[in-house]
Amino acid sequence: MNRVQPSARLIEKFSGMGRAKVYARGTVIFRQGEDVSGMWLIRSGWIRLVRITFAGRTRTLRLIGPEGLLGVVELMIGRAHMMTAEVIDEVEVVYLSRNEVMAVLAHDVAMAEEFLALLSEEARAYLMGWCVEAGDMPMVERLLYRLREVAEVCGQPGREGVQLQLPFTVQDLAESVGCTRQWASRLLRELEERGVIRRRRGWITLLPAAFTDDGMRR
């Protein structure tokens with residue numbers, strides 16, 4: 001798990017100058033194709049980024065949780081939103097306009113350098129999401145990818161691996177990979193049988209095999 005995370009200094013700066021708002025589950029914060037006027041810092045809760053294909057199908061490309069940045073790639077490249085942002089679990093976000101973000105970056109070199117690293121991380125995550133959805137990755141591997149994505153945000157190092165509690169329902173997890181809740185439950189059992197994860201009392205432990213390329217070839 002090598003996720004680049006915003007520093008406490010950046011979070012404090014953006015939180016102090018932005019406008020906080022709480023969105024309920026199911027709320028759409030912005031839609032694919034809409035103009036970009038700013039970005040959001042997620043204080044709590046989870047959001048899924050989905051893209052509507054030409055065939056009208058909805059594809060989840062990314063899950064973003066606490067301390068994540070929303071809309072930053074489009075803001076910096078000057079494009080319309082490439083995806084739709086939908087609230088999975090009630091979120092509190094801080095909104096900053098384009099001018100506010102640019103003013104901070106123009107007057108603080110250290111923060112501008114950090115922001116560049118975060119931008120690169122967001123671009124990498126977008127690309128990975130595209131690869132997962134555009135390729136022919138088996139459903140069980142998609143599910144593992146989502147678990148790793150969540151673990152990057154709220155995973156805790158444990159004796160056997162990285163431990164996490166899902167911050168949303170199994171139904172939400174299933175929808176993020178395009179399957180039913182029952183199917184997702186079967187896939188979790190399959191991962192457990194392959195020695196990739198372990199489940200106990202509401203906790204999921206991602207074992208070392210979960211972070212290797214050949215973990216799913218067992």
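The values are calculated or read from the model by the stated rules, or taken from the named source; none is laboratory data. Please read all numbers here as calculations on a predicted model, not as lab measurements. Neighbour counts are summed over all protein chains in view; Cβ atoms, including those assigned to glycine, are modelled from backbone coordinates with ideal geometry.
Would you check if residue 208 is exposed (fewer than 13 other Cβ atoms within 10 Å of the Cβ) and either over 20 Å from the mean Cα position of the chain (by Cα) or under 23 Å from residue 4 (Cβ atoms) (or both)? Yes: the conditions hold for residue 208.
Checked against the criterion of being more than 24 Å from residue 66 (Cα to Cα), in a helix (DSSP H, G or I), not hydrophobic (A, V, I, L, M, F, W, C) and not assigned by TED's automatic domain parsing to the domain that holds residue 46, the candidates 186, 148 yield just one match: 186. Within segment 119-144, the set of residues being touching a helix residue (DSSP H, G or I) at 6+ places or on another chain (Cβ under 7 Å) and either under 11 Å from residue 61 (Cβ atoms) or hydrophobic (A, V, I, L, M, F, W, C) (or both) comprises 119, 123, 126, 132, 139, 140, 143, 144. Mind checking which residues of segment 152-173 are in contact with a helix residue (DSSP H, G or I) (Cβ under 8 Å, 6 or more places away or on another chain), buried (at least 20 other Cβ atoms within 10 Å of the Cβ) and part of a helix (DSSP H, G or I)? Correct list: 173 only. On the given criteria, is residue 72 at pLDDT 95 or above and outside the structural domain of residue 195 (by TED's automatic domain parsing)? So residue 72 fails the test. Taken as a whole, the condition of being closer than 20 Å to residue 16 by Cβ and of a type in the set (Val, Ile, Thr) applies to residue 101.
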